[in-house]
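Everything below concerns the one structure shown next.
What follows draws every value from the coordinates through simple rules; no lab data is involved. Keep in mind it's a predicted model, so treat the numbers as computed, not measured. Note that each Cβ is placed from the backbone with ideal geometry, even for glycine, and that neighbours are counted across all protein chains shown.
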């Protein structure tokens with residue numbers, strides 16, 4: 001297999017969905033200590049989310065607490081409860097192109113700005129047709145890592 005033109009640097013986020021975001025907040029913020037950072041709402045993406053974090057600095061991991069704007073609408077951000085994982089990528093455009101050439105199915109929309117302001121794209125949970133490779137039931141968000149994350153990763157290379 002050809003050498004990948006990008007690297008996965010680590011976990012950027014975990015997105016958890018439920019029909020009631022208040023209950024998620026009570027558990028993750030109230031009991032487990034996640035730090036609230038902001039909110040994001042999109043009718044188009046059918047999501048009302050609270051962005052929270054654990055950790056500090058370059059070790060900070062985002063936990064998105066998601067509920068649907070319309071419980072009957074699509075996408076169904078609360079089903080499954082583990083909505084998606086986000087991975088830091090050092091070269092998102094190279095990853096998108098290289099993976100696409102190898103049959104990975106992406107969700108519609110290509111590379112775009114995500115809720116936290118980073119460039120993102122999503123590997124579809126299911127492959128199909130000309131793009132047979134998907135996340136095997138898991139939505140995977142690829143997130144362009146800021147330069148500081150890339151430098152920190154490189155500084156710890158063996």
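A few points about this structure:
- Two-site FRET efficiency, residue 70 against residue 8, from Cβ-Cβ distance with R₀ of 41 Å, rounded to 0.05: 0.80
- Gaussian network model of the chain, springs between alpha carbon atoms under 10 Å - residue of 38, 117, 134 with greatest fluctuation: 117
- Full-stretch length increase - residue 19, residue 156 - with 0.36 nm per residue and alpha-carbon distance subtracted: 45.3 nm
- Whole-number percent relative contact order across the chain, with pairs defined as alpha carbons under 8 Å at least 6 apart: 24 percent
- Approximating the spin labels as points 7 Å out from Cα along Cα→Cβ, the residue 42-to-residue 101 distance works out to 2.8 nm.
- DSSP bridge orientation in the chain - percent antiparallel, rounded to nearest 5: 70 percent
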